[in-house]
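The values are calculated or read from the model by the stated rules, or taken from the named source; none is laboratory data. Only a predicted model underlies this, so the values are computations on that prediction, with no experimental measurement involved. A quick note on method: Cβ atoms are made from the backbone with ideal geometry, for glycine too, and the neighbour counts reach across all protein chains shown. When the accessible area is computed, the model is the full protein with side chains, heavy atoms only, and any ligands, DNA or RNA have been set aside. Shrake-Rupley method; radii C 1.70, N 1.55, O 1.52, S 1.80 Å.
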Amino acid sequence: METTPAYKPPPGVLVYGLEDRLPPGTAFLVGAQHVAAMIVGTITPPLLLSNTLKLPPEQTAYLISIALLSSALGTFLQCRRRGPVGSGLLSVTGTSFAFLAVLTQAGQAGGVALMLGLSCVTAPLQIVLSPFISRLRHVFTPLVSGIVVLLIGASLIPAAYYGLATPLRVAAPPWHSLVVGGVVIAIVVAAQATGRPWARVAGLACGVLTGVLACAMIGALPPLPPGDGRWITQPRLLPHGFAFQWDLAPSFAFIYVISLLEAIGDMTATSQLSGLPASGPDHWRRLSAGVLADGLTSTVSALFGGFPSATYAQNNGVIQITGVAARRVGYVMAAILALLGLFPPVARLITVLPPQVIGALAVLLFGLVAVSGLRLILASGLGQREAVIVALSLGVGLGLPTQPGLLEGLPEVVKTFMNSSIPAGGLTALLLSALWRAPTPEDAATSRGSG
């Protein structure tokens with residue numbers, strides 16, 4: 001029997017609850033802030049892979065457009081929840097960074113056709129596993145989910161500083177970038193400190209606008225990248241062809257399982273932030289439907305020439321900042337993402353956001369993701385057993401990837417898996433939680449009786 005208490009946000013934490021309806025202007029403002037928080041993460045994997053594989057500009061542009069359209073589809077499915085599909089939460093999907101290593105390996109072996117062929121074949125694994133999520137509730141406990149979410153936030157924070165480390169201008173001192181980032185964070189924190197609902201809702205937007213204006217005043221806005229002349233993107237079925245290699249399939253399949261674990265952690269955190277319990281039949285039905293939506297999104301994305309998608313964690317930070325957990329904001333987000341994907345000239349405007357501004361927001365949002373993980377851990381109780389599991393999972397997840405030489409001589413799939421914080425720490429948490437079961441009330445009574 002699950003005994004994890006339901007987390008209820010303290011009074012004043014949520015401005016708009018899960019089923020609340022927002023005024024159109026407020027819904028657009030909050031939706032735009034969510035998109036701003038995840039847009040860079042969504043387009044970065046296809047950009048990185050295109051640079052690594054030296055893909056032509058038109059192919060890169062198509063991959064970015066499909067990534068945005070897939071995010072729109074996945075976000076709509078998650079927020080809508082019809083039948084067994086979708087979590088019914090303000091959950092956002094985007095291109096997954098977890099697949100970068102295996103996609104690069106496949107791309108170097110057989111190009112984009114092999115990358116997407118392997119994705120097409122292995123993405124349905126999440127669809128197959130989704131009905132059995134509730135049967136694994138003793139494995140995917142709130143403690144394990146909390147550790148995974150904590151690792152997600154902790155492992156993402158260093159990446160935020162790449163934007164802050166970008167020089168504002170040629171020969172400009174590095175600390176100038178820190179000043180811009182500090183101004184952005186100061187505006188957001190000041191908005192939070194007022195305690196006023198409208199300030200919380202608009203805080204991120206005000207921070208971004210201030211940072212952009214500051215960069216514009218000193219001539220540090222990035223130039224608008226050139227386009228390919230197309231005004232609309234038309235999705236095509238298997239536009240890059242299809243190829244498959246059995247020896248690479250296990251690596252892809254395993255990362256989809258890890259992505260499933262991440263999604264469980266992210267959606268559990270979103271449930272808590274929305275004032276819903278993190279246990280019980282309704283919770284597990286919600287997770288099962290959310291994983292099914294992720295699997296469908298990744299499958300459709302692969303069929304139309306896009307990379308795997310996953311539920312994003314950073315948007316839990318936006319929920320905490322704005323106090324808005326209303327799932328109908330997801331419809332606005334899906335519309336914005338679809339617009340950006342279908343009309344490349346509109347998406348190009350996003351790229352003028354200075355990396356210093358994005359980096360500053362990421363520091364705050366990724367930190368709040370880690371806090372969401374801490375909430376999950378504390379909600380499950382932090383006794384001696386839980387403390388040891390958390391300590392070892394964090395030690396392995398954050399420590400082992402810093403010493404890749406320790407894994408020399410092991411199979412490539414093992415090295416790829418254990419060289420990443422989230423799978424390494426998540427697997428440690430899973431194994432320890434399964435082998436060291438939490439004592440039941442009957443066990444406690446027996447122990448007292450024998451004492």
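General remarks:
- Annotation note: of Gly317, Gly341, Gly306, Gly397, the sole residue that is touching a Leu at 6+ places or on another chain (Cβ under 8 Å) and part of a loop (DSSP other than H, G, I, E, B) is Gly306.
- Among the residues listed as Val291, Val332, Val300, the single one being farther than 30 Å from Cys120 by Cβ, assigned to a helix (DSSP H, G or I) and in contact (Cβ under 8 Å) with a residue 24 or more places away in the chain: Val332
- On inspection, Val112 passes the criterion of being crowded, with 21+ Cβ neighbours inside 10 Å and touching a His at 6+ places or on another chain (Cβ under 6 Å).
- The listed residue being under 18 Å from Ile255 (Cβ atoms) and not aliphatic (A, V, I, L, M), out of Gly426, Gly395: Gly426
- Scanning the range 43-72 for residues that are out of contact with any helix residue (DSSP H, G or I) (no Cβ under 7 Å at 6 or more places or on another chain), at pLDDT 75 or above and more than 13 Å from Gly305 (Cβ to Cβ), we see that the one that is least open to solvent (accessible area, probe 1.4 Å) is Pro56.
- Residue list for the range 184-211, restricted to those being surrounded by fewer than 18 Cβ atoms within 10 Å (Cβ to Cβ) and of a type in the set (A, V, I, L, M, F, W, C): Ile185, Ala186, Val189, Ala190, Ala193, Trp198, Ala199, Cys206, Leu209
- Counting only helices (runs of 4 or more DSSP H) that fall entirely inside the range 102-212 and contain at least 3 residues that are under 22 Å from the mean Cα position of the chain (by Cα) and either farther than 30 Å from Gly397 by Cβ or not aliphatic (A, V, I, L, M) (or both), the qualifying elements are 142-164.
- Considering residues of the range 262-282 that are open to solvent by 10 Å² or more (accessible area, probe 1.4 Å) and part of a helix (DSSP H, G or I) only, the residue nearest to Gly426 (Cα to Cα): Glu262
- Residue check for Val346: at pLDDT below 75 and either open to solvent by 60 Å² or more (accessible area, probe 1.4 Å) or acidic (Asp, Glu) (or both): no
- Scan of the range 361-385 for residues that are open to solvent by 10 Å² or more (accessible area, probe 1.4 Å) and under 19 Å from Ala424 (Cβ atoms), ordered by number: Phe366, Ala370
- Condition broken by Cys79, with the remaining ones in (1) at pLDDT 80 or above; (2) open to solvent by 10 Å² or more (accessible area, probe 1.4 Å) satisfied: (2)
- Some residue of the range 75-83 being free of Cβ contacts under 8 Å to residues at least 12 places away in the same chain, of a type in the set (D, E, K, R) and in a loop (DSSP other than H, G, I, E, B): no
- Of all the residues in the range 152-178, those that are within 16 Å of Leu221 (Cβ to Cβ) and open to solvent by 60 Å² or more (accessible area, probe 1.4 Å) number 3.
- Some residue of the range 322-331 being touching a helix residue (DSSP H, G or I) at 6+ places or on another chain (Cβ under 6 Å) and closer than 18 Å to Ile152 by Cβ: no
- Here Val332 meets the list (1) at pLDDT 90 or above; (2) open to solvent by 30 Å² or more (accessible area, probe 1.4 Å); (3) under 23 Å from Thr104 (Cα atoms) almost entirely, failing just condition (3).
- Residue within the range 404-419 that is open to solvent by 30 Å² or more (accessible area, probe 1.4 Å), under 28 Å from Met38 (Cβ atoms), at pLDDT below 80 and part of a helix (DSSP H, G or I) present: yes
- Residue in the range 223-233 that is in a loop (DSSP other than H, G, I, E, B), of a type in the set (A, V, I, L, M) and open to solvent by 10 Å² or more (accessible area, probe 1.4 Å) present: yes
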